[in-house]
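Everything on this sheet refers to the single structure shown next.
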Amino acid sequence: MHISTLVNDIYERVASNKKVSRENLESFLEGISNVIVQHLEEERKTSGEKNIRMSSIGKPDRKIWMELNGPKIERSYQPSTLIKFLYGSIIEELVLFLTKEAGHSIQEPQKQCELEGIKGHIDCKIDGEVVDIKSASDFAFRKFKTGSIERDDPFGYIAQVSAYVEAEGKDTGYLLAMNKVSGELVLFELDELTLINASGRIKDVKKLVKNSSMPDFCYQPEPEGKSGNMKLARDCVYCSYKWTCFPDTRVFKYQEGFKYLTTVMKDPKVPDITDSMRG
């Protein structure tokens, strides 16, 4: 079988009433058990590792610099966020199970690879092709489905897969994403037009982190309506270094969620929860 038919084959398998492979099921249950133990029993790392990883080379320069040279950030997560991490990992195990049930082969799960002295772990190969599996929100899933991930990739997924592909001597790689809300799947192919020069990027990152000067901001604050207030860019909101980059940021609790304002010309008529959010 060829990976290009994977999504349709999974859909057909789910819609059928064929008998489930006991071997596939046992492997899936073992994977789920390992994920649950890892998330609920093992101590979660509270700060970034002080070395360059393949999964980080595609992030904005300032974030990479901060992760390796910036202050140690003690990260604390809301219980709801920890649950999201957990079911995200469970979804990835489910995708692997459905891939096997659809008749496709999985090889070398979590294989360690190396490029320019930097190590990484490939999720797996499917039908011999390098694949990284992602569980995605509606917003993120649209990027995979429309291809806009090529232009808007703050987590550096394309650079990450490019490094895996180059390390394995391949010409193409794939991102296999599942929408956590709808259950929809998409297989995004990275070919020679999409892949980056991962070796070159790693060399640039090594030079970057040796520089004593902090790079420019990843993203500039954006206008918040017509109030004159300025808010953090969407991708800054989820960054552990937002308080370092924008120390005067204030957080307001709206009915639809939180807003991080870097400049407040007019106080919103909602609770200011900055102190509790900063810990």
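For region 251-277, a residue qualifies if it is surrounded by 12 or more Cβ atoms within 10 Å (Cβ to Cβ) and at pLDDT below 90, and exactly one does: Met277. Collect the residues in region 176-193 that are in contact (Cβ under 8 Å) with a residue 12 or more places away in the chain and either crowded, with 22+ Cβ neighbours inside 10 Å or under 15 Å from Asn8 (Cβ atoms) (or both), keeping them in residue-number order. Hits for region 176-193 are Leu176, Ala177, Met178, Glu184, Leu185, Val186, Leu187, Phe188, Glu189, Leu190. Going through (1) surrounded by fewer than 17 Cβ atoms within 10 Å (Cβ to Cβ); (2) within 22 Å of Glu67 (Cβ to Cβ) one by one, Lys226 falls short only on (2).
Report yes if Asp153 is of a type in the set (D, E, K, R) and not assigned by TED's automatic domain parsing to the domain that holds Ile91, otherwise no.
Details: of a type in the set (D, E, K, R): yes; not assigned by TED's automatic domain parsing to the domain that holds Ile91: no.
Against the criterion (of a type in the set (D, E, K, R) and not assigned by TED's automatic domain parsing to the domain that holds Ile91), Asp153 does not qualify.
Among residues of region 22-36 that are over 12 Å from Leu94 (Cα atoms) and of a type in the set (D, E, K, R), none has a beta-carbon under 8 Å from a residue that is at pLDDT 95 or above and loosely packed, with under 13 Cβ neighbours inside 10 Å at least six positions away or on a different chain. In region 88-133, the residue that is surrounded by the most Cβ atoms within 10 Å (Cβ to Cβ) out of those that are more than 20 Å from Leu187 (Cα to Cα) and in contact with a strand residue (DSSP E or B) (Cβ under 9 Å, 6 or more places away or on another chain) is Gly120. Only strands (runs of 3 or more DSSP E) whose full extent lies in region 181-279 are considered here, and the ones with at least 2 residues that are within 26 Å of Ile149 (Cα to Cα) are 185-190, 257-263.
Only one of the listed residues (Ile83, Ile64) is surrounded by 18 or more Cβ atoms within 10 Å (Cβ to Cβ) and more than 14 Å from the chain's Cα centre (by Cα). That residue is Ile64. Could you tell me whether any residue of region 30-38 is in contact with a Leu (Cβ under 8 Å, 6 or more places away or on another chain), part of a helix (DSSP H, G or I) and over 26 Å from Gly173 (Cβ atoms)? Yes, the conditions are met somewhere in region 30-38. For region 164-180, taking the residues that are part of a helix (DSSP H, G or I) and hydrophobic (A, V, I, L, M, F, W, C), the one that is farthest from Cys236 (Cα to Cα) is identified as Ala167.
Here region 5-19 is the region considered, the condition is being within 14 Å of Met178 (Cβ to Cβ) and hydrophobic (A, V, I, L, M, F, W, C), and the residue that is surrounded by the fewest Cβ atoms within 10 Å (Cβ to Cβ) is Val14. Looking only at residues of region 136-147 that are more than 15 Å from the chain's Cα centre (by Cα) and not charged (D, E, K, R), we find that the one that is farthest from Ile196 (Cα to Cα) is Thr146. When each of Glu30, Glu23, Glu12, Glu116 is tested for being at pLDDT 95 or above, at positive phi and either charged (D, E, K, R) or not assigned by TED's automatic domain parsing to the domain that holds Gly128 (or both), the lone residue that passes is Glu116. Considering region 9-32, the residues that are under 30 Å from the mean Cα position of the chain (by Cα) and of a type in the set (D, E, K, R) include one that is farthest from Gln107 (Cα to Cα), namely Glu12.
The values are calculated or read from the model by the stated rules, or taken from the named source; none is laboratory data. Worth saying up front: this structure is predicted, and the values here are computed from it rather than measured. Reconstructed Cβ throughout: ideal geometry from the backbone, glycine too, with neighbour counts over all protein chains shown.
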